[in-house]
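The values are calculated or read from the model by the stated rules, or taken from the named source; none is laboratory data. Owing to the predicted nature of the structure, the values given are computational and were not obtained by experimental measurement. Note that we place each Cβ from the backbone using ideal geometry, even for glycine, and neighbour counts take in every protein chain shown. Heavy atoms of the whole protein, side chains included, go into the accessibility calculation; ligands, DNA and RNA do not. Shrake-Rupley method; radii C 1.70, N 1.55, O 1.52, S 1.80 Å.
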Amino acid sequence: MNPITVFLVIACALVGLALGKTVDLFLAPPFLVAAVIIALSLKMANAWQKFVILRAGKLQSVKGKGLFMIFPIIDNVAAVIDERIQTTAFNAEQALTKDTVPVNVDAIIFWHVHDARKAALEITDHRQAIDRVAQTSLREMIGSSMLAALLSDRKAADEQLRDEIGSKTAGWGVSVTSVEIRDVAIPVALQDAMSRQAQAEREKQARVILGSAEAEIAGKFVEAAKIYADHPAALQLRAMNIIYETTKERGTTILIPTSMVDSMNPASALVLAGQRAPGEGVPSLKSVA
């Protein structure tokens, strides 16, 4: 009984008792009868509630928010439907995927009643029915999905579950807002195998990238070799630059082969390139410290 009805019932009863004691005893019964009628007939629905009213077993009306009256005895409130968004958690344990892998899946469904008449008259308990339908649909979805797809593309699985459950509950006046898979648990042994597989794939990818880099570097070396073959002076400058870079630190002593020192001698470099006669030599350095 709502607070307004309680207040009116108490007020009528007190007025009747007061009049019966002070004015006339026969004035009390009408007020007491009015209090009983108010208690049985005056109802109040909150903003999110719908009252399904039956009159002599037949649907009379569906009352919404606010105060309303019913006829005592012949009218009956068959159900009070909450139209707010509800949540129901459900799961599937040891369900086999399409590739015969047992998984445990936890999910949650968001739903609300859009037709109070159907929710009250078309099914006995719409809350329990939603839970059963959600579990059945989840197992069907798992059985038709590969484990890799179930783990990597949960959004598609959520949408598939929402459509399947929504199509089954629409006839009960229930709309499914969304379905979210919270967790997919797989056996520990399979987790180890998948971890090793992922590690092997990453190692394979790293080796492929390293091989591609080596091939690219080798190609650059070939291009540089062709340039140095056509331009001996460039090779000489490069060799001198390498020596300079390695002798930046103080107290460093480097032993260089005589042939390398000769290659840095302009005259020898020209001889090696065939641009000067072998007899036209210039004294060359034999060591660098």
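Tabulated data
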| read-out | value |
| --- | --- |
| From ASP99, ASP24, residue being exposed (fewer than 13 other Cβ atoms within 10 Å of the Cβ), modelled with pLDDT under 90 and more than 42 Å from the chain's Cα centre (by Cα) | ASP24 |
| Residue count, segment 48-98 (criterion: more than 21 Å from GLU122 (Cβ to Cβ), out of contact with any Ser or Thr (no Cβ under 9 Å at 6 or more places or on another chain) and of a type outside the set (A, V, I, L, M, F, W, C)) | 6 |
| Which numbered condition ALA170 fails, given (1) more than 30 Å from ILE38 (Cβ to Cβ); (2) touching a residue at least 24 places away in the same chain (Cβ under 8 Å); (3) outside any strand (DSSP E or B) | (2) |
| Filter result for LEU138 (more than 18 Å from ILE85 (Cα to Cα), in contact with a Phe, Trp or Tyr (Cβ under 9 Å, 6 or more places away or on another chain) and at pLDDT 85 or above) | yes |
| Residue within segment 194-202 that is in contact with a Phe, Trp or Tyr (Cβ under 7 Å, 6 or more places away or on another chain), at pLDDT below 85, surrounded by 12 or more Cβ atoms within 10 Å (Cβ to Cβ) and farther than 30 Å from GLU83 by Cβ present | no |
| Segment 124-166: number of residues that are in contact (Cβ under 8 Å) with a residue 40 or more places away in the chain, open to solvent by 60 Å² or more (accessible area, probe 1.4 Å) and assigned to a loop (DSSP other than H, G, I, E, B) | 2 |
